[in-house]
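Quick one: this structure, given as structure tokens, is what I'll be asking you about.
The values are calculated or read from the model by the stated rules, or taken from the named source; none is laboratory data. No experiment lies behind these values; they were computed from the predicted model shown. As a convention, Cβ positions derive from the backbone with ideal geometry for all residues, glycine included, and neighbour counts pool all protein chains shown. The accessibility values were calculated without ligands, DNA or RNA, using every heavy atom of the protein model including side chains. Shrake-Rupley method; radii C 1.70, N 1.55, O 1.52, S 1.80 Å.
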Amino acid sequence: MELDIKKIKDQALKEIEGIKNSEEWEQIKNKYFSRKSGELAKLLKDLKDVSEDLRPKVGALANQVKTEIESALDIKLSSLKNNGSALERDFIDVTLNVEKYKLGHLHPVTQIAMELEDIFKSMGFMILDGPELESDYYNFEALNIPTWHPARDTQDTFYIDAKDKLLLRTHTSPVQVRAMQKYGAPLRCVVPGRVFRNEATDASHEHTFYQLEGLMIDKDISITNLIAVMKELLSGIFKEEVNVRLRPGYFPFVEPAFELDIQCLICGGKGCPVCKQSGWVELMPCGLVHPSVLKYGGIDPKKYSGFAFGLGLTRLVMMKYKIDDIRLLQGGDLRFLNQF
Ligand code: FA5
């Protein structure tokens, strides 16, 4: 009997050493430990035939062998896990039910900004960017608005640092002079971006909103070029006939200046809180770049002229999707945002 136990042990340890994968491991484990037909189970059954005086010794030997085989199997299993084939190691059960993540989407203002960028790129315009924390110089001075100028009062400003004259830009127009200084003339660019004003909010006014600045400088640029570009912009976005009107405006950095208004698409021109009952919404002030601004940008006004516009991007999105309150766009309510 003792000899049989030793034989089983030698055979088991040899077989365990030769195991190459988890299937073989499982087979060997069953061969020795299966409750009914396992070699060790048989061995323990046979113990009852051993004479009583030898039984404790043989029993102890059988238990020791059982423990040795078990621990050899454990060691083999962990080495299989560490060194197993890549297939075994990286196994993923693709049939498992996994939680599905909902994908988000771009904000409607971003979607329209990207559409506008495509329209302008097709006309040879660059897409530029500028700092939201801007200097008083670029936001006002270089746009012909010195400290004493009453035009400053039309853009209620968040001043950040009086000493360094830093502020949150009130419009995208500061990028006009920045772009001129960087690229010179001729120049075609648009600048989509976020702007900030200390506004009392209502259906059509936010303290944080988006504009898209446009600038074109070349030889002999006139109002005709400006109107052609605006038509392209509006038909590209609305893809339907919209009523617009051009009226005289005033901005110190363009001369002459105009206001382009769009007939309110929320009420069809009848009057509502968005258009303040007037039937028209201010959308896009514009004009020919003032010679002083060209000089600030390092461009000779005797050789070049240009036009500029400042599209109210958030208002354009309101008109496009007939959104009757501007505050919905920044509210973060998914029931609203998921409609786009
Ligand atoms: C300006 O900001 C000028 N920089 C535009 C400009 C550029 C004129 C180039 C000439 C040449 P204004 O303050 O009117 O202008 O704003 C431009 C547009 O931004 C408005 O027509 C309107 O559509 C939008 N807008 C202005 N204030 C708000 C506000 N509080 N909330 C939402 N949209 C606004």
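Quick one: work out Rg over Rh on the C-alpha atoms of the chain, Rh as Kirkwood radius.
Values: Rg = 39.6 Å, Rh = 26.3 Å.
Here Rg/Rh amounts to 1.51.
For the range 181-238, go through all pairs of different Cα atoms, get the mean of 1/r, take its inverse, and jot down that Kirkwood value in Å. Before the final figure, lay out each step's value.
Values: mean 1/r = 0.0716 Å⁻¹.
One over the average 1/r among Cα pairs gives 14.0 Å for the range 181-238.
Remind me, what semi-axes does the range 2-89 give for its equivalent ellipsoid, largest first in whole Å, using sqrt of 5 times each Cα gyration tensor eigenvalue? Please list the in-between numbers first.
Working: eigenvalues 178, 27, 16 Å².
Over the Cα atoms of the range 2-89, the semi-axes work out to 30, 12, 9 Å.
Oh, and also: Listed highest first by mean packing, meaning other Cβ atoms within 10 Å per residue, what order do 174-182, 103-111 come in?
Values: 174-182: 22.0, 103-111: 13.4.
The most tightly packed comes first, giving 174-182, 103-111.
With only alpha-carbon atoms in the gyration tensor, what are the semi-axes of the equivalent ellipsoid for the range 264-310, in Å, largest first?
38, 8, 6
Ser51 accessible area, nearest 10 Å², 1.4 Å probe?
Probe radius 1.4 Å; accessible area of Ser51 about 60 Å².
With the alpha-carbon atoms as the only input, what is the per residue convex hull volume for the range 142-204 in Å³?
Working: hull volume 7.8 nm³, N = 63.
Considering the Cα atoms of the range 142-204, their hull volume per residue is 124 Å³.
Treating each Cα of the range 210-340 as an identical point scatterer and ignoring solvent, apply the Debye formula and state log10 I(q)/I(0) at q = 0.10, 0.19, 0.21 Å⁻¹.
-0.38, -1.05, -1.20
Order the peptides 297-309, 13-25 from the highest to the lowest mean number of other Cβ atoms within 10 Å of their residues. Before the final figure, lay out each step's value.
Details: 297-309: 18.9, 13-25: 13.4.
Result, highest mean first: 297-309, 13-25.
What list of whole percents do you get for P(r) of the range 93-148, with Cα-Cα distances grouped in 5 Å bins up to the one holding the largest distance?
Computed distribution, short to long bins: 4, 12, 10, 11, 11, 14, 10, 8, 5, 6, 3, 2, 2, 1, 0.
Please report the accessible area of Lys165 (heavy atoms, 1.4 Å probe, ligands and nucleic acids excluded) in Å², nearest 10.
100 Å²
When the solvent-accessible surface of protein heavy atoms is calculated with a 1.4 angstrom probe, in what order do Tyr321, Tyr138 fall, highest first? Working shown, then result.
Numbers: Tyr321 75, Tyr138 40 Å².
These residues rank, largest area first, as Tyr321, Tyr138.
Okay, next question. Hey, if you drop one equal point scatterer on each alpha-carbon of the range 225-287 and run the Debye formula without solvent, what base-10 log of I(q)/I(0) do you get at q = 0.17 Å⁻¹?
Summing over Cα pairs of the range 225-287 leads to -0.62.
Would you mind pulling out the separation of the Cα centroids of the range 52-85 and the range 212-279, in Å?
87 Å
Going down the list Lys100/Lys239; Lys36/Lys76; Lys219/Lys322; Lys81/Lys102; Lys20/Lys57, which pairs span over 30 Å between their C-alpha atoms?
On the way: Lys100/Lys239 36 Å; Lys36/Lys76 24 Å; Lys219/Lys322 39 Å; Lys81/Lys102 35 Å; Lys20/Lys57 35 Å.
Exceeds cut-off: Lys100/Lys239; Lys219/Lys322; Lys81/Lys102; Lys20/Lys57.
Let me ask you something else. Helix-only estimate, please: 222 nm mean residue ellipticity of the chain, summing -39500 (n - 2.57) across DSSP H runs of length 4 or more and dividing by its residues, to the nearest 500. Before the final figure, lay out each step's value.
Details: 13 runs with 137 residues, N = 340.
Helices in the chain give a 222 nm mean residue ellipticity of -12000 deg cm²/dmol.
Please calculate the 1.4 Å probe accessible area of Leu166, with all protein chains present, and give it to the nearest 10 Å².
50 Å²
Which of the listed residues, Gly332, Ser78, Tyr183, is farthest toward the dipole's positive end in the chain, when Lys, Arg count +1 and Asp, Glu count -1 at the beta-carbon?
Toward the positive end, the furthest listed residue is Ser78.
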